[in-house]
1. Work out the FRET efficiency for C53 and C471 from their Cβ-Cβ distance, taking R0 = 22 Å, and round it to the nearest 0.05.
2. Given the peptides 274-287, 403-416, arrange them by the average over their residues of other C-beta atoms within 10 Å, most packed first.
3. Need the C-alpha centroid separation for the range 367-443 versus the range 239-291, integer Å.
4. So how exposed is W499, as accessible area in Å² (1.4 Å probe, rounded to 10)?
5. Keeping all protein chains in place and using 1.4 angstrom, which order do F365, F43 fall into by accessible surface area, from largest down?
6. Can you run phi through the Karplus equation (6.51, -1.76, 1.60; θ = phi - 60°) for the range 318-327 and list ³J(HN,Hα) in whole Hz, with x for Gly and Pro?
7. Take K66, K35 and sort them by solvent-accessible surface of the protein heavy atoms, 1.4 Å probe, largest at the top.
8. Could you go through the range 394-407 in sequence order and give the Karplus-derived ³J(HN,Hα) for each residue, using 6.51 cos²θ - 1.76 cosθ + 1.60 with θ = phi - 60°, rounded to whole Hz, and x for Gly and Pro?
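The values are calculated or read from the model by the stated rules, or taken from the named source; none is laboratory data. Since this is a predicted model, take the numbers as computed values, not measurements. Every residue, glycine among them, receives a Cβ derived from its backbone with ideal geometry; neighbour counts consider all protein chains shown. Quick note on the areas: whole protein, heavy atoms, side chains included, nothing else; ligands and nucleic acids left out. Shrake-Rupley method; radii C 1.70, N 1.55, O 1.52, S 1.80 Å.
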Amino acid sequence: MLTRVKSAVAGFMGGIMAGGSSGSGGNTGSELPLKFPYMRPDFLGLSPDEIECSADHIARPILILKETRRLPWATGYAEVINAGKSALNEDQACCEVVVARRRPMSYCPPSTPSKTPTAKRRNSLPNGEGLGLHMEHSRLGEESEGLVFHYWALFDGHAGSGAAVVASRLLQHHIACQLQAVIEILRNLASPPPTVLGEEPDCNPYLQGNTPHRALTRAASLRGATGAPGSPCSTPPPPRFFTEKKIQHESLVIGAIENAFKEMDAQIEREKQVFNITGGCTALTVVYLLGKLFVGNAGDSRAIIIRNNEIIPMSTEFTPESERQRLQFLGFMQPHLLGNEFTHLEFPRRVQRKEVGKRMLYRDFTMNGWAYKTIEDEDLKFPLIYGEGKKARVLATIGVTRGLGDHDLKVHDSNIFIKPFLSCCPEVKVYNLMHYEHGADDVLVMGTDGLWDVLSNQEVAEAVTTFLANCDPDDLHRYTMAAQDLVMRARGVLRDRGWRITNERLGSGDDISVFIIPLMYGNRQP
């Protein structure tokens with residue numbers, strides 16, 4: 001077992017990365033076709049030659065948005081490939097304006113959207129250049145029958161780029177499809193969402209103390225309900241008074257994003273049977289709707305808001321350490337998932353056979369603190385969660401606990417699946433843009449873990465604030481240049497002893513992707 005664990009940890013830290021990153025992002029020798037070819041973000045407008053040149057693990061050129069291109073809200077973007085961990089850049093990014101049409105949920109395709117998708121992408125570039133997506137003026141009226149939302153997303157792939165590529169193409173469509181079911185409700189902010197879809201809110205006669213005079217449903221009649229023919233009493237039931245939880249409109253958007261992540265994960269699982277979709281990915285998304293930013297995170301990427309020199313965290317990293325209790329509880333409730341080779345208990349270090357019968361520090365899913373227990377033979381198994389910080393692993397294999405994909409991932413040289421311990425459900429945090437008047441230097445920074453591994457929130461905030469303060473406020477390219485500066489600070493400079501950043505600290509050898517989104521444009525939206 002120990003040999004297996006050592007091999008698994010070594011493989012995940014570098015070995016299996018190279019094995020799962022051919023030019024297509026697929027497994028070597030796979031006979032299944034690709035769902036989508038490997039790519040860099042569409043909005044970068046790179047040619048195949050430029051994409052090939054960007055995959056230089058020695059020079060590590062930083063890719064940025066070209067000056068002739070614009071993203072919604074003049075968003076800035078920059079990325080750089082890893083220092084050799086994998087052949088390809090396994091990060092993916094997406095930035096679009098999406099229209100969710102007023103159509104029934106049945107219109108939403110179960111897999112790839114058709115040529116006339118529900119979520120029609122709309123270009124925000126001047127004169128419609130760049131992305132090749134056009135919307136005629138005659139069709140703009142359709143937006144009044146739907147919901148328009150802005151969408152930014154970062155996906156950090158592992159063990160191959162397949163899942164990240166698929167998610168970057170399709171997750172926004174799943175969000176649009178989920179929003180379709182509640183379009184009418186979200187367009188009517190004056191009325192609270194009805195508890196039962198199709199009923200007018202606050203019109204329940206029981207809530208108002210009125211006795212209903214209406215025909216009973218067939219189901220109620222069959223149950224012999226009061227007032228039904230043949231029931232002990234044919235008189236209407238007495239008024240019932242009870243409270244009803246009030247649901248806010250933003251909760252419907254949160255629910256749509258959460259369900260979209262689950263649908264995206266389910267689609268990847270289905271289509272792995274017919275397409276070559278390798279590995280898994282973390283996902284960090286931002287949706288602008290109803291004057292608010294909805295930040296959804298499943299993984300270890302991060303988003304922060306920098307406002308008037310204040311830092312507001314907008315996401316939480318999901319790692320083996322941060323989700324220890326959830327994972328341990330699952331292992332306790334379903335021990336078969338541990339394959340008789342792992343224990344759900346945590347110890348400060350590996351338990352040795354000579355320590356059986358002695359009392360040793362431990363903790364389980366009910367504990368934040370530590371206590372002593374008598375060591376038994378069962379405790380000699382490898383811990384479900386082992387290691388600290390960035391070296392912490394679930395089942396000695398993976399360092400993130402939420403994301404998309406990874407349906408086939410197993411513990412090395414075993415038949416123990418890891419997916420049951422991984423969640424695709426995001427945490428969604430909400431920021432109301434209408435509560436503040438934002439200036440030109442107030443931004444939201446999204447970054448994959450390659451950025452945050454070497455720079456703290458404070459360092460990122462100081463770098464962005466300082467850079468923007470020295471730029472022309474009317475220069476729309478300033479946010480892209482700020483993103484480039486941020487990536488450069490995290491990557492560092494190649495020296496004899498590797499990539500180095502400030503104070504000769506080790507730079508990031510991981511893929512790095514960064515969005516910088518100016519918030520003042522949210523205040524200007526209708």
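1. Values: r = 28 Å, r/R0 = 1.27.
So, using R0 = 22 Å, E works out to roughly 0.20.
2. Values: 274-287: 25.9, 403-416: 20.2.
By packing density, highest mean first, the sequence is 274-287, 403-416.
3. 19 Å
4. My reading of the accessible area for W499 is about 30 Å².
5. The most accessible residue leads, giving F365, F43.
6. For the range 318-327, the Karplus-derived couplings read 10, 10, x, 6, 6, 10, 3, 5, 4, 5 Hz, x marking Gly and Pro.
7. Values: K66 75, K35 30 Å².
Solvent-accessible surface, decreasing: K66, K35.
8. Those phi angles translate into 8, 6, 6, 10, 10, x, 10, 10, 9, x, 10, x, 6, 5 Hz.
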